[in-house]
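**Q** One structure is given below, represented as structure tokens, and several questions about it will come after.
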């Protein structure tokens, strides 16, 4: 790594010990990947330390004591409980108590307590071509693809990038690594790509085929912003896709040829309705008519419009959630406040649902290993219905229940009926 | 003496040995492994129920959510991390960050099909600085 005069002074300790140490880690990191210099990053989405990971909260409390401060706008990803409504969701007190300790540590470091997997809905929309660093695979793929900002898959070193404002120039920050590799000809009609869950299934199918490479879709029909979030989250679940192109929907290329930067696709695939159906079948292990006890919407965290849709459906159907069913709709705190002003939250709550912030089922006390860690009884979940492939995939292992992938309306019907139709 | 030596791309330094855990499919630290025990919990995984602790993991690539590096660091705090990771494909940044912080030696892109030539359980030595993977016939 070649360092600028400023970076040499940072490494020499002129800006404090935390900055020097952070830069040293980043140099090792850049050297591993053969980067020759740093770039300035303008935004960080930071992995909030979670009480479900042993030692994770203590780590940031200790780190904040070193006097380390972030030097760029920094938002935070999800926690292990809703900091306001944790009691309503059955979160045990010790999990909340430990988790709440991150808030003063983050504030001390200048980090914003957004605690969401969709910071873009809070106004963090970095410009096309800007360098950023983000965690949360569904946010990363949205920033890279839909917005055209440039980030690698952030991890532990997001902290050090936020403290220094530096990241090695490598990976998805470089033009040549942003070229498409696999072409997908989407042979789906408007009826096959209607729901967020259809886009999620499309992403899950393609992610499994491309692994960590860069898929290009020749069309995505009339995809909305919510559809694109669903697609990206699933691409990053069945594979580790970090960037996709869909000319007309994503920021970087106006044509398929441009998305490939003049190269030939390594592989070309047709996507057919049978491919989409097979994802629904694979992620549905609950038998038709089988009892269900959990419905989750909001993976990734729902937008105001998605919440509005749910409230509207519940009102239209004069619906009440079945007494055996936990019905969670996950979002961020700002959106819940806006939805409260709209009367949306009240409608959902009166029907028996919960609008959950800061967390989600697989990151909170519902995860099998969490309560085990705290020596608490593990909550029993038999069968979860969701509109997200990401949720369905992780629930299977982390909560250990049966799952069903359904469009939103069918999730809502299941929440009311207490069984899968 | 090792019977086999294969060059690879050295990513995270260290020279360590351990029994090989050879996985034919992509591996996810979030979901595939119990972060308390290091045991593989993914249903239907070829090594379901085995531990990754102390192993030289050989697998094609890391998949899944970026929360995976946190799981690796949790494993490391309890001494349940693998001693080395050998990736068939280029390493993603996430796993390298985790490996630097956790002291897990890491190499990638070996010049040979290790997944089909290293027997599961064979004693393997990985040199992250030199970029070498060595093992002996049983």
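**Q** Could you check, for region A:228-244, whether at least one of its residues is in contact with a strand residue (DSSP E or B) (Cβ under 6 Å, 6 or more places away or on another chain), within 17 Å of residue A:259 (Cβ to Cβ), surrounded by fewer than 21 Cβ atoms within 10 Å (Cβ to Cβ) and more than 12 Å from every other protein chain (Cβ to nearest Cβ)?
**A** no
**Q** Is one or more of the residues making up region B:110-121 surrounded by fewer than 18 Cβ atoms within 10 Å (Cβ to Cβ) and within 12 Å of another protein chain (Cβ to nearest Cβ)?
**A** For region B:110-121, residues surrounded by fewer than 18 Cβ atoms within 10 Å (Cβ to Cβ) and within 12 Å of another protein chain (Cβ to nearest Cβ): absent.
**Q** Let me ask something additional. Within region B:57-64, can one find any residue that is over 14 Å from the mean Cα position of the chain (by Cα) and within 7 Å of chain A (Cβ to nearest Cβ)?
**A** Yes: one or more hits.
**Q** Restricting the search to region A:1-48, which residues are buried (at least 21 other Cβ atoms within 10 Å of the Cβ), more than 14 Å from chain B (Cβ to nearest Cβ) and either in a helix (DSSP H, G or I) or modelled with pLDDT under 95 (or both)?
**A** Selection gives A:10, A:19.
**Q** Checking residue A:129 against (1) surrounded by 22 or more Cβ atoms within 10 Å (Cβ to Cβ); (2) closer than 30 Å to residue A:247 by Cβ, only one condition comes out false. Which one?
**A** Of everything listed in (1) surrounded by 22 or more Cβ atoms within 10 Å (Cβ to Cβ); (2) closer than 30 Å to residue A:247 by Cβ, residue A:129 misses just condition (1).
**Q** On to the next question. Within region B:30-41, is there a residue that is within 14 Å of chain A (Cβ to nearest Cβ) and touching a residue at least 60 places away in the same chain (Cβ under 8 Å)?
**A** The answer is no; no qualifying residue exists.
A quick yes/no check of all residues on (1) surrounded by 18 or more Cβ atoms within 10 Å (Cβ to Cβ); (2) outside any loop (DSSP other than H, G, I, E, B); (3) under 21 Å from the mean Cα position of the chain (by Cα):
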| site | (1), (2), (3) |
| --- | --- |
| A:296 | yes, yes, yes |
| A:306 | yes, yes, yes |
| A:311 | yes, yes, no |
| A:315 | no, yes, no |
| A:320 | no, no, no |
| A:329 | yes, yes, yes |
| A:339 | yes, yes, yes |
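**Q** Across region A:54-84, which residue is farthest from residue A:360 (Cα to Cα) among those that are free of Cβ contacts under 8 Å to residues at least 60 places away in the same chain and assigned to a strand (DSSP E or B)?
**A** Filtering region A:54-84 for residues that are free of Cβ contacts under 8 Å to residues at least 60 places away in the same chain and assigned to a strand (DSSP E or B), the one farthest from residue A:360 (Cα to Cα) comes out as A:75.
**Q** Follow-up question, since we're still on this one. Do we have residue A:97 as in a helix (DSSP H, G or I) and either within 23 Å of the chain's Cα centre (by Cα) or in the same structural domain as residue A:13 (by TED's automatic domain parsing) (or both) here?
**A** yes
**Q** Now, a different point. When residues of region A:256-294 are filtered for being assigned to a strand (DSSP E or B) and either touching a helix residue (DSSP H, G or I) at 6+ places or on another chain (Cβ under 9 Å) or farther than 27 Å from residue A:191 by Cα (or both), how many remain?
**A** 5
**Q** Kindly indicate which of A:182, A:205 is buried (at least 18 other Cβ atoms within 10 Å of the Cβ) and more than 23 Å from residue A:283 (Cα to Cα).
**A** A:182
**Q** Does region A:75-87 include one or more residues that are away from chain B (no Cβ under 14 Å) and over 23 Å from the mean Cα position of the chain (by Cα)?
**A** Yes, the conditions are met somewhere in region A:75-87.
**Q** If the Cβ limit is 7 Å and pairs must be 6+ apart or interchain, which residue in region A:263-276 that is within 11 Å of residue A:182 (Cα to Cα) pairs with which residue that is assigned to a helix (DSSP H, G or I)?
**A** Once the first residue is within 11 Å of residue A:182 (Cα to Cα) and sits in region A:263-276, its partners that are assigned to a helix (DSSP H, G or I) give A:269/A:209.
**Q** Among the residues of region B:42-56, which ones are within 14 Å of chain A (Cβ to nearest Cβ) and under 28 Å from residue B:8 (Cα atoms)?
**A** B:45, B:48
**Q** Which residue is surrounded by the most Cβ atoms within 10 Å (Cβ to Cβ), if the candidates are limited to region B:77-96 and must be part of a loop (DSSP other than H, G, I, E, B) and in contact with a strand residue (DSSP E or B) (Cβ under 6 Å, 6 or more places away or on another chain)?
**A** Among those residues, the one meeting the criterion is B:82.
The values are calculated or read from the model by the stated rules, or taken from the named source; none is laboratory data. All figures in this text were calculated on a predicted structure; none of them were measured in a lab. No Cβ is skipped: glycine too gets one built from the backbone with ideal geometry, and neighbour counts run over all protein chains shown.
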